[in-house]
Amino acid sequence: MAMRQTPLTCSGHTRPVVDLAFSGVTPYGYFLISACKDGKPMLRQGDTGDWIGTFLGHKGAVWGATLNKDATKAATAAADFTAKVWDAVSGDELITLAHKHIVKSVDFTQDSNYLLTGGQDKLLRIYDLSKPEAEPDVVSGHTSGIKKALWSSDDKQILSADDKTVRLWDRSTMTEVKALNVAMSVSSMEYVPEGQILVITYGKTIAFHSAETLEQIKSFEAPATINSASLHPEKECLVAGGEDFKLYKYDYNTGEELEEENAEAAKARTSLPGTAEEEIEEVASENSDSVYSSTPEVKA
């Protein structure tokens, strides 16, 4: 029997956390960045969850965050109509990229030279970070706000998701290769380069598709609506979390449920701070986030 794991808990944010991303493994370990509706993305040690620093500068909810491979740069997407690039070592803001609407997603190329963004204006943008003042390449075709946009296939292709459609794009021609329509609103999307697998969640479904063709490989049905899922790089298992406040762990090959963790019980066991106000804010409309001034804090 597999040994039950005790999850790490990381306090500090004051509103719901909406996105997480790990860096690659560096000589100094690996790192975790979190995006939150409090407008203050945080950097942490990946293995312990220890706080390293907070990136200050956004004036609205931060919807997306990522680190480059060696964790020297961070990028964030926010409700203040900007994406920002940061020095992840010093915490300094390097570049601000103005958009025309809320930005939801950011992703670096493997060489960290280009940044992909997507958001509520339904457009994908590719910025050359060596020429931040230059106009970005723009890819159009989505019919609703973009929730997630990711580089794939060694940065030769782009995967993007709006409300009920996932699209595959060719970077060199900036054209759509294929579109995949799903029955319900896409709640999360993950690209797994090992095996070229795309993980999509919508409703109670956890679906696995080829990242190169969008053909379905397999799918699982969970007991509740799923908000996010992640596949282990070795494709042994996957974890998913949903609206029933539980975390599920499945065998990827058989679909057998291996473990479940009641988040409310875990919360009580670890004495995490929580308020009714946070629960109310969780269901607030994403477009109703007010723009506000950040409280001064020490940068990373």
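The values are calculated or read from the model by the stated rules, or taken from the named source; none is laboratory data. What you see is a predicted model; the values in this text were computed from it and never measured. Glycine also receives a Cβ, built like all others from the backbone with ideal geometry; neighbour counts cover every protein chain displayed. In case anyone asks, the SASA skips ligands and DNA or RNA and just uses the protein heavy atoms, side chains included. Shrake-Rupley method; radii C 1.70, N 1.55, O 1.52, S 1.80 Å.
Using a cutoff of 8 angstrom between alpha carbon atoms and counting only pairs six or more residues apart, the relative contact order for the stretch 13-140 works out to 16 percent. Ligands, DNA and RNA left out, the 1.4 Å accessible surface of the stretch 13-140 is 52% carbon and sulfur atoms. The value given for the stretch 74-212 is a Kirkwood hydrodynamic radius of 15.2 Å, derived from the mean inverse Cα-Cα separation.
Amide H contacts of LYS59: ASP80, each under 5 Å away and 5 or more positions distant or on a separate chain (H built 1.01 Å from N in the peptide plane; Pro and chain starts excluded).
Backbone N atoms of the stretch 100-119 closer than 13 Å to the 7 Å Cα→Cβ label point of ASP128 belong to residues 113-115.
Label separation (ASP47 vs ASN181): 4.9 nm, computed from points 7 Å beyond Cα along the C-beta direction. Sorted into 10 angstrom bins from 0, the C-alpha pair distances of the stretch 13-140 split as 14, 48, 31, 6, 0 percent.
Placing +1 on each Lys and Arg Cβ and -1 on each Asp and Glu Cβ, with no other charges, gives the stretch 115-250 a dipole about its Cα centre of roughly 340 debye.
A Cβ-based charge dipole, computed about the Cα centre of the stretch 13-140 with Lys and Arg at +1 and Asp and Glu at -1, lands at about 420 debye. Loop-located chymotrypsin sites (Phe, Trp or Tyr not before Pro) across the stretch 1-79 with a Cβ neighbour count of 15 or fewer within 10 Å are TYR28, TYR30, with loop assigned by DSSP.
Taking the charge dipole of the stretch 13-140 about its Cα centre, with +1 at Lys and Arg Cβ atoms and -1 at Asp and Glu Cβ atoms, the residue from ILE33, GLY91, SER23 reaching farthest to the positive side is ILE33.
Close Lys pairs in the stretch 13-140 (alpha-carbon distance under 18 Å; sequence gap of 8 or more, or different chains): 18. With θ taken as phi - 60° and the Karplus curve 6.51 cos²θ - 1.76 cosθ + 1.60 applied, the whole-hertz 3J(HN,Hα) list for the stretch 216-226 is 6, 9, 6, 8, 10, 10, 8, x, 9, 4, 9 Hz, x standing for glycine and proline. Positive end of the dipole of the stretch 124-202 (Cβ unit charges, origin at the Cα centre): among TYR127, TYR202, THR143, the Cα lying farthest that way belongs to TYR202.
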